[in-house]
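Following: one structure in structure tokens, then a few remarks.
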Amino acid sequence: MEKYFLGTYTKRNLSHGIYTFDFDPDHQVASNLKLFAEAGDPFYLTNGPDNLLYSIDYNRHTDKPGGIKALSKEFESPTVKYSVYDATASGTYIDYDAENQLVFTANYDINEISIYSTRNNKFTLLDRTHDVGQLGPEPEQADGPHPHFINYTPDHRLVVCDLGIDTILTYNITNDYKFELVATLKMPAGFGPRHLRFNHDQNIAYAVGELSSDLATLKYDPKLGQFSIVDIISTIPANWHTHNGAAAIRISADNRFVYVSNRGYNSVVVYKIAANGSVEQIQNVHTNGDFPWDIQFSKSEQSLLVANQRSNSLSVFQRNTENGKLKLLNSDFMIPEPLAILRTE
């Protein structure tokens with residue numbers, strides 16, 4: 001049995017924070033939903049060291065309610081080991097660097113990216129900066145830069161996707177753990193970069209444009225930390241004119257397939273990766289749920305789990321590991337306002 005964490009919205013009081021559920025990989029069925037720990041809008045989660053879970057949190061009882069916390073993975077009685085609240089709005093994305101004991105966060109609402117040390121069992125802010133650039137033309141871009149994602153490149157720089165300024169930014173981390181901007185890639189106006197994943201067989205990355213409903217194939221130059229556009233293709237059919245926002249992106253461990261979720265068209269798109277890193281769409285399958293926010297592979301990658309935020313449901317797809325295609329098995333496991341799915345290590 002595999003165990004998963006679930007980050008959620010808590011704005012409508014359907015959810016109270018972070019949940020866990022079990023997944024049977026043999027029968028491809030989810031079960032046993034439980035509230036793991038109370039939290040405010042824990043959008044994204046990441047596995048930390050020493051059996052810890054790191055989570056975005058929003059504590060309405062403090063002057064600066066936006067923060068992060070470390071929770072023990074004691075599933076019957078988790079405890080908060082340490083936390084910090086130092087932002088005026090809830091963060092968006094979080095990831096962990098085990099080698100250097102660092103946590104990175106991106107805060108969409110207030111344009112902050114941050115580096116924290118986790119040494120000595122506490123979060124210590126090491127640096128914080130703001131993205132700068134020309135705003136995009138869409139309504140979601142009118143109020144400023146919006147960093148949506150922060151994570152490592154293969155050569156251990158930090159890449160940030162900023163939806164507000166249509167830009168992918170590359171930062172060095174200096175020896176004293178400060179941000180140093182080294183390169184920027186301006187995407188087409190209104191692209192709205194949201195998340196990015198690397199093809200580790202070569203210096204290729206795939207970036208989702210939330211606002212344009214596009215998938216961009218990018219070449220990465222590790223000498224300069226610079227991305228360049230190779231190709232951009234749509235995630236929705238040409239005849240779909242209702243609202244859609246492309247959301248999650250995953251790449252299979254064998255670097256042969258890319259998966260993207262569509263919130264609005266309510267589907268998962270499957271792309272086959274060619275030997276040169278280019279992609280070709282081979283399937284666009286509906287989730288039988290509303291607003292698929294996140295997607296996650298099972299451990300064997302023979303299943304794909306989809307978190308449908310607005311229908312409060314989990315869709316389970318059987319995945320053919322040879323041709324990459326998906327088959328919907330069920331979508332009747334109810335989960336409250338799901339945002340992010342994290343598999344425990």
Filter the trypsin sites (Lys or Arg not before Pro) in segment 47-79 to those in DSSP coil with at most 11 other Cβ atoms within 10 Å of their Cβ, and list the result. Arg60
Leading residue at positive end of dipole, the chain (Cβ point charges), from His146, Gly277, Asn120: Gly277
Quick one: check the C-alpha center-to-center distance for segment 236-307 versus segment 193-215, whole angstrom. 12
Percentage, to the nearest whole number, of Cα pairs in segment 225-345 over 24 Å apart: 25
What is the distance in Å between the Cα centres of segment 93-154 and segment 1-75? 20
Using the Kirkwood radius over Cα pairs, work out the Stokes-Einstein diffusion coefficient for segment 140-195 at 37 °C and 0.692 mPa s, in µm²/s as a whole number. 284
In whole percent, the fraction of accessible protein surface over the chain that belongs to carbon or sulfur atoms, probe radius 1.4 Å, stands at 46
Judged on accessible area alone, 1.4 Å probe, highest first, Trp293, Trp240 line up as Trp240, Trp293
For the chain: Kirkwood Rh in Å [reciprocal of mean 1/r, alpha carbons]: 20.2
When only C-alpha pairs under 8 Å and at least 6 residues apart count, what is the relative contact order of the chain, in percent? 11
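The values are calculated or read from the model by the stated rules, or taken from the named source; none is laboratory data. Every value quoted in this text rests on a predicted model; they were computed, and no experiment measured them. Virtual Cβ from ideal backbone geometry, glycine too; neighbours counted across all protein chains shown. Surface accessibility is based on the protein's heavy atoms, side chains included, excluding ligands, DNA and RNA. Shrake-Rupley method; radii C 1.70, N 1.55, O 1.52, S 1.80 Å.
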